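Below: one structure, written as structure tokens.
The values are calculated or read from the model by the stated rules, or taken from the named source; none is laboratory data. Please read all numbers here as calculations on a predicted model, not as lab measurements. Neighbour counts are summed over all protein chains in view; Cβ atoms, including those assigned to glycine, are modelled from backbone coordinates with ideal geometry. SASA here: full protein model, heavy atoms, side chains in, ligands and nucleic acids out. Shrake-Rupley method; radii C 1.70, N 1.55, O 1.52, S 1.80 Å.
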Amino acid sequence: MPRTNIADVKTKIQEIASELFAEFGYDGVAIRKIAKDVGVTLPSIYHYFGDKRGLYQACLEAEFENVSDKLSKSLSKGNSAHENVISYIKTLYQFFARDTAISRLYLRELANKNSETIAYLSEKAFISTYAELTEKLSELLGETPDQSKSLSIFALTFGLSQVRPNRDTALSKEERSKITSPEKVAIFVLSTLFPEVNNQVHLAAE
């Protein structure tokens with residue numbers, strides 16, 4: 001193999017491996033297949049990532065490593081607590097709504113109920129910003145929000161990110177009309193989980 005920048009080689013391995021893992025799952029991809037598609041030797045993959053599990057973990061981490069920072073920054077973009085919470089939900093939604101290999105990998109982890117990996121990724125990307133989100137919600141509501149509702153922001157936003165026009169969903173036609181953009185999704189999530197917000201802030205949902 002020609003002399004190449006190590007970072008470029010690692011990135012190429014992760015990109016191709018991510019696509020293969022997303023399409024076939026962890027067990028459905030042989031490390032020899034990854035090496036062949038990338039154009040490297042097996043020892044190269046072992047050198048950079050240790051083993052197949054190490055490569056898989058690296059593929060997941062590659063996408064999630066900047067999410068926490070982006071979510072944290074989203075909580076200070078607006079001029080009010082309401083704008084900051086809306087910004088947070090929009091950022092979270094846009095991350096999951098992208099049809100990327102990593103998004104599909106995360107769905108596979110949920111489907112396979114891999115609690116260890118899900119817990120790790122949640123801790124890495126989302127739980128670190130939970131305290132900041134709770135602070136903004138407390139400012140918006142005038143009191144500390146119910147913990148289960150705060151945590152439900154993640155679950156509901158993730159669920160809505162998977163709604164597609166041609167996909168069956170439990171949402172009514174009227175409800176689907178309210179989630180046609182990241183802004184409307186954020187408003188829908190916030191007003192659904194915290195209906196009292198409607199009495200404090202004018203939500204321009206139309």
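Could you work out the local net charge near LYS10, counting Lys and Arg as +1, Asp and Glu as -1, over the other residues with Cβ closer than 14 Å to its Cβ? Could the numbers behind the result be given before it?
Details: positive: LYS12; negative: ASP8, GLU15, GLU61, GLU65.
Here the count lands on -3.
Below 11 angstrom from the Cβ of HIS82, what's the summed charge of the other residues (Lys, Arg +1; Asp, Glu -1)? If you can, show how the numbers build up before the last one.
Details: positive: LYS136; negative: GLU83, GLU139.
With Lys, Arg at +1 and Asp, Glu at -1, the net is -1.
Quantify, in whole percent, the carbon and sulfur part of the accessible surface of the stretch 41-146 (1.4 Å probe; protein heavy atoms only).
Values: 2490 of 5300 Å².
The nonpolar share, carbon plus sulfur, comes to 47 percent.
Multiply the residue gap between ILE31 and ALA7 by 0.36 nm, knock off their C-alpha separation, and tell me the result in nm, one decimal place.
6.7 nm
Would you mind pulling out the separation of the Cα centroids of the stretch 76-147 and the stretch 1-70, in Å?
Centre-to-centre (Cα) distance: 26 Å.
So which of LYS12/LYS52; LYS36/LYS113; LYS70/LYS113; LYS73/LYS184; LYS77/LYS184; LYS36/LYS70 end up more than 23 Å apart, counting from Cα to Cα? Show your work: numbers first, answer last.
On the way: LYS12/LYS52 15 Å; LYS36/LYS113 30 Å; LYS70/LYS113 26 Å; LYS73/LYS184 20 Å; LYS77/LYS184 18 Å; LYS36/LYS70 35 Å.
Long pairs (Cα-Cα over 23 Å): LYS36/LYS113; LYS70/LYS113; LYS36/LYS70.
Over the stretch 24-66, give the accessible area per residue in Å² for a 1.4 Å probe, as an integer. Display every interim value, and only then the final one.
Working: 2290 Å² over 43 residues.
Per-residue accessible area for the stretch 24-66 comes out at 53 Å².
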